[in-house]
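Here is the structure we will look at, set down as structure tokens.
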Amino acid sequence: MSENQNLCLPNVLVNSLPKSGTHLLLQIILGIPGMKITPAWVIQDKDLDMIKPGYVGPAHLVYSSERALLLKQKNLKVIFISRDLRDVVVSLVHFIMLNKWGNHPWTPYLTSLKTHEERLLTMIKGVNLTNEQQKEYGITGIPNIRQFAQDKLGWCKESGICSISFEELVIDEKSKQKAIMKIIDFLWDDLKLLRISKMELLQKIRGNIKPESSGTFRKGKIGDWKEEFNESHKKAFKEIAGDILIQLGYEKDYNW
């Protein structure tokens, strides 16, 4: 890629609710010719300096109006991805129990629970541990699903960023193409300097989507919760975060 083409590559922050398709979205951005990933995840605001033109930085940054202003001042192209919180619960439990990298802080406590059903309920309702348990498991507790998600979902309503859902990217080919086009249009007003048509870019991006190559990929399904939730899980979820599902458009009411 020429120097001029490199100059018109965006500096992208892929921000996400954990277990919502972060790596899928990264594959999309890295399918753009010339794009590279930052050497580390963006954990703190100072890490944003890693995101130079032609780079994408992954993050799970909490929302605040001050941080939103900072991202605008740094001229970062921010794409936020979220997902049905019921599927987030299921994905989280499997991810924590697999503990692929051997360092998830919640694994010891979840492993102490006897059944998968108990673990799902704990991830929905959260838990505050006693002093004795804190010493044993090394954590003070686990947030409920509302607490886990709410401090990041503010990005969905922030102007000037591209907010997308996991479901848009996987429900079917038509939806996936529309979502990728939405991302392309967000990143560029004009593709002339890239010397590539929108359809050519779309095909390059699609060619880079290989979910199975992601270290965190399990199923990548929509509605996995329907197979794993029982009535007690549904009841607890409705009480704790049922309104969020309605706000995000996943349900019209509590009758699910």
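The values are calculated or read from the model by the stated rules, or taken from the named source; none is laboratory data. On a predicted model such as this, the values are computed, not experimentally measured, just so you know. Glycine also receives a Cβ, built like all others from the backbone with ideal geometry; neighbour counts cover every protein chain displayed. Calculation scope for accessible area: heavy atoms of the full protein, side chains included, ligands and nucleic acids excluded. Shrake-Rupley method; radii C 1.70, N 1.55, O 1.52, S 1.80 Å.
The residues in the range 45-80 that are open to solvent by less than 40 Å² (accessible area, probe 1.4 Å) and touching a Cys at 6+ places or on another chain (Cβ under 9 Å) can be counted, and the count is 3. Against the numbered list (1) modelled with pLDDT of 95 or more; (2) open to solvent by 20 Å² or more (accessible area, probe 1.4 Å); (3) assigned to a helix (DSSP H, G or I), residue 149 comes up short only at (2).
Taking the criterion of being under 19 Å from residue 250 (Cα atoms), at pLDDT 95 or above and touching a helix residue (DSSP H, G or I) at 6+ places or on another chain (Cβ under 8 Å), would at least one residue in the range 121-128 satisfy it? Yes, the range 121-128 contains a residue that is under 19 Å from residue 250 (Cα atoms), at pLDDT 95 or above and touching a helix residue (DSSP H, G or I) at 6+ places or on another chain (Cβ under 8 Å). Tell me yes or no: at least one residue of the range 104-117 is more than 25 Å from residue 166 (Cβ to Cβ), among the acidic types (Asp, Glu) and surrounded by fewer than 22 Cβ atoms within 10 Å (Cβ to Cβ). No: zero hits. Scan the range 181-197 for residues that are in a helix (DSSP H, G or I) and open to solvent by 80 Å² or more (accessible area, probe 1.4 Å) and jot them down. Matches in the range 181-197: 182, 192, 193.
The combined condition, being open to solvent by less than 30 Å² (accessible area, probe 1.4 Å) and touching a Lys or Arg at 6+ places or on another chain (Cβ under 8 Å), is not fulfilled by residue 120. Looking at this structure, is residue 204 open to solvent by 80 Å² or more (accessible area, probe 1.4 Å), over 28 Å from residue 100 (Cα atoms) and at pLDDT below 95? Yes, satisfied. Candidates 70, 17: the one that is under 10 Å from the mean Cα position of the chain (by Cα) and farther than 30 Å from residue 195 by Cα is 17. Return the residues of the range 157-199 that are among the aliphatic types (A, V, I, L, M) and closer than 14 Å to residue 32 by Cα; say none if nothing qualifies. Of everything in the range 157-199, those that are among the aliphatic types (A, V, I, L, M) and closer than 14 Å to residue 32 by Cα turn out to be 180, 181, 183, 184, 187, 191, 193, 194, 196, 199. Please verify whether residue 100 is under 22 Å from residue 163 (Cα atoms) and touching a residue at least 40 places away in the same chain (Cβ under 8 Å), treating the condition exactly as stated. It is false that residue 100 is under 22 Å from residue 163 (Cα atoms) and touching a residue at least 40 places away in the same chain (Cβ under 8 Å).
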